[in-house]
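This report refers to the structure that appears directly beneath it.
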Amino acid sequence: MDKYQLNNKVVLVTGAGSGLGKAIAELLAHRGAVVAIVDVVESAAKSAAEEVTRQGGKAAPFICDVANTQQVNQAVEQVIAVFGGIDLLVNNAGIGDNSTPVDEMNDDQWERMINVHLSGTFRMTRAAVPSMKKRGGGRIVNISSQSGMVGEPDYCHYCAAKAGILGLTKALAKELAPFKIAVNAVAPGVIETPYFKNYSEEQMAAKRALVPWGRLGRPEDVAELTAFLLSDAAEYITGQVVSPNGGKTIVGI
């Protein structure tokens, strides 16, 4: 048996309607998973699920704002009702914000960032874990960021949220190991997604110049790593943080 294949395992991916989450969902479906595509934008979730189906995969859309506990619980219940349970979870949903110095940042900016990224990861994990326990184990990948590892000026709310995910990942890995539920984090560097659609070529070139590998990350770089960590090939890996960033966070650079 190919340990890299996901063999009809049910995977719930948040923020899967577009960008990085969609790329992850598409690859997981290609590897044989049944994908619950969860997104706050209904049209995006439906479009992504239709695209996976057109490619020969199995997927269904579910609508949920991870900042809302009731919606999270309802989404997980719906996924279980449709697919019978949850084996794998990718906590990817997130939001961006403009750069803001700490002394100009308001409470809404801070709380929204923490609520979506960190608390959203907590909520979805809390809701999905009982099904994994019933099914004898599972795997969780939390999408963090290199910003949570090294910090970025004027983005303290984002960096704090992503750093919190790293601590949550390590705590959950120890807590859930007895249930054979592995928990790991992927902390990407700058990934070329629609988020940068309004950036000029000069701005993008400046970002690329900071990466020793000579290019920015691609969604498939993160998707491939996520798929590996969800597979049986990574059975003995838990509590780890892996950062695909082209060498940007190497000490001394």
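Could you state the orientation-averaged shadow area of the convex hull built on the Cα atoms of segment 135-253, in nm² to one decimal?
8.5 nm²
Expressed as a whole number of Å, what is the distance separating the alpha-carbon centroids of segment 172-188 and segment 211-251?
16 Å
Using a 10 Å cut-off on Cβ atoms, rank the peptides 186-194, 55-63 from the highest mean neighbour count down.
186-194, 55-63
With a 1.4 Å probe and all protein chains left in place, how much of the accessible area of the chain comes from carbon and sulfur atoms, in whole percent?
For the chain, the apolar C and S fraction of the accessible surface comes to 52 percent.
Taking the alpha-carbon centroid of each part, what is the distance from segment 110-147 to segment 39-63 in angstrom?
Each part's Cα centre sits 20 Å from the other's.
How big is the Cα convex hull of the chain in projection, averaged over all directions, in nm²?
That works out to 13.9 nm², a quarter of the Cα hull's surface.
What does the charge add up to near Ile191, with Lys and Arg as +1, Asp and Glu as -1, over the other residues with Cβ less than 14 Å from its Cβ?
+4
On average, how much accessible surface per residue is there in the chain, in Å², for a 1.4 Å probe, leaving out ligands, DNA and RNA?
48 Å²
Quick check on packing: order 85-93, 108-116 by the mean number of other C-beta atoms within 10 Å, highest mean leading.
Result, highest mean Cβ count within 10 Å first: 85-93, 108-116.
Arrange the peptides 75-84, 162-171 so that the one whose residues have, on average, the most other Cβ atoms within 10 Å appears first.
The most tightly packed comes first, giving 162-171, 75-84.
Given segment 37-98, what whole percent of its Cα pairs are spread farther than 14 Å?
Roughly 62 percent, once rounded to a whole number.
The values are calculated or read from the model by the stated rules, or taken from the named source; none is laboratory data. Predicted, not measured: the structure shown is a model, and the values here were computed from it. Reconstructed Cβ throughout: ideal geometry from the backbone, glycine too, with neighbour counts over all protein chains shown. Surface areas here come from the heavy atoms of the whole protein model, side chains and all, with no ligands, DNA or RNA. Shrake-Rupley method; radii C 1.70, N 1.55, O 1.52, S 1.80 Å.
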